[in-house]
Structure formats: C-alpha cells, structure tokens
C-alpha cells in the first residue's frame, strides 16, 4: 500500500483550463486497494491558487471524498511559507521513508517543505513529477510551452537535484499516447457507471480547445501518465541518465542531458500503449460516485 500526497494545480472542469490533474486524482482514487491518498496540496499553474483549491474541494465533494485533506500552497514562485509545505513536512515525518509524493504542477510547495526541513527529501520514499522537456513540444499549429518546472525554476532545480528517487514524466515522453475523442466515446459513452458520465461532462470541452489551439485531434493525459507510473511502473521502461540541472534551463523547463552530469534522474517511457490505456480506463471505472436518484 503506497502512502501518497498529491501536489497539483487541479482545474478539472474549469473553462479553458487543463483537465488532467483531475483525471490523475480520479486515477489515484480508483487505486484505492493499492494507494492510500492522505492529502492533496494545491499549487498555482493552470490557474490561480484559490481556483485550484476551490476546484479540488468541489471535486472531492462531488465524489463523496471530503475525508481527504486539502491544503493551500504557495500562490506564486518563491511563496514557500504555506500550510501545504507544513503538511508535507508533517506527512514526511509521520510516514518516514514510506511517503510517495506525486507532483503535477509548480514545485513551490516541495521547495517550501525543504526550506522548513532540510532533511525533507531524505525522508521521502519517492517523488514522481510531471513536467520538463528534453526538446521542444512542436504541434501542427504552434509550439507548446512547458508549464510546470518553468513556474518556479529555483524550486524545480532543488527538487531535481536533491529529491530522493525522482522520476520525471516529461512532456516529450507523454506524446507517445494520444487520447482521441472517438476513443473516449467508445470507452466512456457506452458505460453505465456514474463516474463515466462525470468524466465525459467535465472533459468534453478540452478536445475542442486542443484542436483549435494546437491542431491536436485529442489530448495527452500528461498528469495521469505520472499517476500511472507511480502506481504501475511495470507499464513503463525506466530511462535513467545523467543531467546538469540549472535554474536558467528550467526557466523553460529544459532538462539538459550530460554524460558527465552531476545529477541522476529517471525519465520513464510508456511501454505498450494498449495496456497503458486499458489500465487507465479500467481504473477510472473503479471510482464510485452516486448517480442521480441513488
């Protein structure tokens, strides 16, 4: 059983905002027999902190999971003194050597925890991050900016350098698997589970946004990919290498590979696409939500 804190910038269902933090949350909830999700620490990125916090609390209420702790994090880069940082420190002490941190937004809260406890990273079992690029994310209509590590380069640099057992799901490695609208219809529109309708209603707009802005005929489940790696690393191939991390590079989210670099990091790659997708859809369907009339 994994002991988990999820640090995210969840804007699930918020107009013109990303949906994949919320889908990652649903994935973790679907892993209930394998994952003990203790709390969610909120951060900025996809939107302002208060929007992320309110969205996350509202989502947990929808799902009947208000038992899960939600904490406000820093509201901008270098805002390191927050209740989220305090909570991360507390949980690292409570689950010493056992705590897994999944972080899919800015890394301000993790830096905040490190500033409060210089041994914070030593106490963590593992950190799985979604973010960073190893080359530009070029799509039909334009280049997509990196939007996680670049939010707070100082925090990102320290997490990458000093974090324990860090694995990074990069934007580039997510591009192997596209989730199309036709596939969503086949997998979700035919299901009777209430959670299928919940996902459909809150993600449908995201297909249009991606096609209009980037020319993508579907969308990439960036943050869900990180959640899947945390829970089922056997669906990936680990790719460990040496890096030279710098705040200058991380202003654009760039992860500089260097054969003689001082830092080691793992950049897992998705294995079999069909097994990967099947795991995601099946896990989402394990989340129970009351249908109308129940």
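Out of (1) 20.5; (2) 19.0; (3) 21.4, which label holds the value of Kirkwood radius over Cα pairs in Å that was computed here?
Matching entry in (1) 20.5; (2) 19.0; (3) 21.4: (2).
If you average the alpha carbon positions of segment 244-281 and of segment 139-155, how far apart do those two centres end up, in angstrom?
The two parts, judged by their Cα centres, are 14 Å apart.
How many angstrom lie between the Cα centre of segment 195-241 and the Cα centre of segment 3-35?
11 Å
Have a look at 156, 167, 118 and tell me which one the Gaussian network model of the chain (Cα, springs below 10 Å) gives the largest fluctuation.
118
If you take the square roots of the eigenvalues of the alpha-carbon gyration tensor of segment 1-51 and sort them as a ≥ b ≥ c, do you get rounded (a/c under 1.5), prolate (a/b over b/c) or oblate?
oblate
Using alpha-carbon pairs under 8 Å, 6+ residues apart, how would you state the relative contact order of segment 79-184 in percent?
Relative contact order, segment 79-184: 29 percent.
Where does each of 130, 1, 231 land when they are ranked from fewest to most other beta-carbon atoms within 10 angstrom?
If I rank by nearby Cβ atoms, fewest first, I get 1, 231, 130.
Given an 8 Å cut-off on Cα distances and at least 6 residues of separation, report the relative contact order of segment 161-294 as a percent.
33 percent
If each residue's Cβ is checked for other Cβ atoms within 10 Å, how do 129, 188 rank with the fewest at the top?
188, 129
What residue among 143, 89, 51 shows peak mean-square fluctuation when the chain is described by a Gaussian network model with Cα springs under 10 Å?
Checking each option, the largest mean-square fluctuation is seen for 143.
Add -39500 (n - 2.57) for each DSSP H run of 4 or more in the chain, then divide by its residues: what number comes out at 222 nm, to the nearest 500 deg cm²/dmol?
After summing the helix terms and dividing by the residues of the chain, the value is -12000 deg cm²/dmol.
Using Cβ contacts closer than 10 Å as the measure, can you line up 43, 170, 134 from fewest to most?
134, 170, 43
Could you grab the relative contact order for the chain? Cα pairs under 8 Å, six or more apart, rounded to a whole percent.
20 percent
Coordinate-derived values only; no laboratory data. Please read these numbers as outputs of a predicted model, since none were measured by experiment. Positions of Cβ are generated from backbone atoms using ideal geometry, with glycine treated the same way; all protein chains shown enter the neighbour counts.
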